[in-house]
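Worksheet for the structure shown next.
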Amino acid sequence: MEAVEKVRRLRAMGSLCRQQAAYNSMKKWKLLAEAEYWDHLAELVLSSHFQECNAASSNEMERPQTITSTNDARRETISAT
């Protein structure tokens, strides 16, 4: 849940920048750009988190096949061609 909390905080920073931009016309564009930056960071963290989760779940699903003897390997090679 650490990644989810980090995403929440990054998005809160973006929201805060947008709120400040609404009240500060002199720095409006700078604050909006900063909000985009925070949102971009949140997307990167979230994307990275899902990639890690998907990699972990795909590794759990794959079971390595072990060959017990060379005769088994030869049969598999012949049958594969």
Expressed in nanometres to one decimal, the distance between label points 7 Å along Cα→Cβ at Ala22 and Ala56 is 3.7
Mean Cβ-within-10 Å packing, highest first, puts peptides 41-53, 11-23 in the order 11-23, 41-53
Plugging the Cβ-Cβ distance of Ala33 and Val4 into 1/(1 + (r/R0)^6) at R0 = 35 Å yields, to the nearest 0.05, a FRET efficiency of 0.85
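No lab work stands behind these numbers, since they all come straight from the coordinates. In this text the structure is predicted, and so the values were computed from the model without any measurement. Note: ideal-geometry Cβ built from the backbone for every residue, glycine included; neighbour counts use all protein chains shown.
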